[in-house]
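The values are calculated or read from the model by the stated rules, or taken from the named source; none is laboratory data. The model shown is predicted, which means the values in this text are computed figures rather than measured ones. Neighbour counts are summed over all protein chains in view; Cβ atoms, including those assigned to glycine, are modelled from backbone coordinates with ideal geometry. Areas reflect the complete protein model, heavy atoms only, side chains present, ligands, DNA and RNA absent. Shrake-Rupley method; radii C 1.70, N 1.55, O 1.52, S 1.80 Å.
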Amino acid sequence: MWTLAPVAFALKALSAFVQPLGSLCSGLGPLLLWLRAALRRAGGGGARPLPRREPGKARGRGEADGEPPATPTSVNYHFTRQCNYKCGFCFHTAKTSFVLPLEEAKRGLLLLKEAGMEKINFSGGEPFIHDRGEYLGKLVRFCKEELQLPSVSIVSNGSLIRERWFRNYGEYLDILAISCDSFDEQVNVLIGRGQGKKNHVENLQKLRTWCRDYRVAFKINSVINRFNVDEDMREQIRELNPVRWKVFQCLLIEGENSGEDALREAERFVISDEQFEGFLERHKDVPCLVPESNQKMRDSYLILDEYMRFLNCRNGRKDPSKSILDVGVEEAIKFSGFDEKMFLKRGGKYVWSKADLKLDW
């Protein structure tokens, strides 16, 4: 009992010091997290202070309308914001370098499973950048082997994936989605998907082969913007034959890729709704095409940030809830802004387990 006193005293002192400092709180978040973890290991409790701002005013489902909270059927966990690419339209930028300790991340994933999660999607930033993909691999294995989730998926730019990762963790992964916005390498470089002498398109083809060899369903994500909106990708998509080709419209998020505090300036990438519809019309005969307009995307995704806070995007920015590690899933999801009806309407629930896809490997 007495061994807890110095740590508890330090935690209280830090918390008292942080309150008047306002925005400086975000810089002390990781230290406070470490102190809370130390208390837990020693047998203590207490809530973990996290850097956060007040959630937006948009009312979340179940907050005051008498409806039960939404079920987190499908969750997108952006566990890192760090990335080795510099895509000009990125709407989840490297504003922190924080990554939860592995056991804390597992605890949060267990809470989500108990609340009804069936599918987890790991994203970033670039999810393979942390610990050379080992951290990600351990979470993938945990979700499939211990939580027995029907679907475990990853969204990656693909540049840091090695075949060794597939050998170690491929059997636990249902879907690997690779971001590719153009089949013209010069356009990829212009967008920011370039890294030295590496060719993004050639790497995409290599990853397609590995997915086939290790029985992982292959998916492609493309963000349609000013520099690729007139491109015809039909031939290349048919050749790669992904299970899904998710096509997004370039989206502005205040504080991420738009506004004074943003790390990116995506205004020059923005296209009109009519231009986006023109791209979709050109590719309407591609069987695996799954279009995502900005309205669908803004309200119908459950997004967890690196602190396991739900991000409410309804007001054109990312307003965080409290962390599910502190208040639980049911309380935090009330402030997520999640539109469960739109999620179902856009086809958010589909055949997402590779065991059910019946693919010709």
(request) For N312, list long-range residues whose amide hydrogen, built 1.01 Å from N in the peptide plane, is under 5 Å from its own amide hydrogen. (result) D319, S321
(message) List residues of the stretch 267-301, by number, whose backbone nitrogen lies under 17 Å from a label position 7 Å along Cα→C-beta of K341.
(response) 295-301
(request) Excluding N257 itself, calculate the net charge of residues whose Cβ lies under 9 Å from the Cβ of N257, where each Lys or Arg counts +1 and each Asp or Glu counts -1. (result) -3
(message) Taking R0 as 30 Å, what FRET efficiency do you get between N84 and E239 from their Cβ-Cβ distance, rounded to the nearest 0.05?
(response) 0.65
(request) Using packing as a proxy for protection, rank 151-162, 90-101 so that the peptide with the highest average count of other Cβ atoms within 10 Å comes first. (result) 151-162, 90-101
(request) Can you pull the one-decimal nm distance between simple spin-label points at Q205 and R268, each 7 Å off the Cα toward Cβ? (result) 3.1 nm
(request) Just add up the charged neighbours of Y85: K/R +1, D/E -1, any other residue whose Cβ is under 12 Å from the Cβ of Y85. (result) +2
(request) Could you tell me what percent of the accessible area of the stretch 153-236 is made up of carbon and sulfur, with a 1.4 Å probe and every protein chain present? (result) 42 percent
(request) List, in order, the whole-Hz ³J(HN,Hα) value for each residue of the stretch 320-325 obtained from phi through the Karplus relation with A = 6.51, B = -1.76, C = 1.60 and θ = phi - 60°; use x for Gly and Pro. (result) x, 7, 6, 5, 5, 6
(request) Would you mind checking the radius of gyration and Dmax of the stretch 111-227 based on alpha-carbon positions, in Å? (result) 14.8, 46
(message) Applying a 10 Å radius around every beta-carbon, put 108-114, 286-292 in order of their mean neighbour count, most first.
(response) 108-114, 286-292
(request) Evaluate the distance, in nm, between pseudo-label points positioned 7 Å from the Cα of Y350 and of D230 along their respective Cα→Cβ axes. (result) 3.0 nm
(message) So the label point goes 7 Å from the Cα of R132 along Cα→C-beta, right? Which residues of the stretch 83-125 then have their backbone N under 20 Å from it?
(response) 83-85, 99, 102
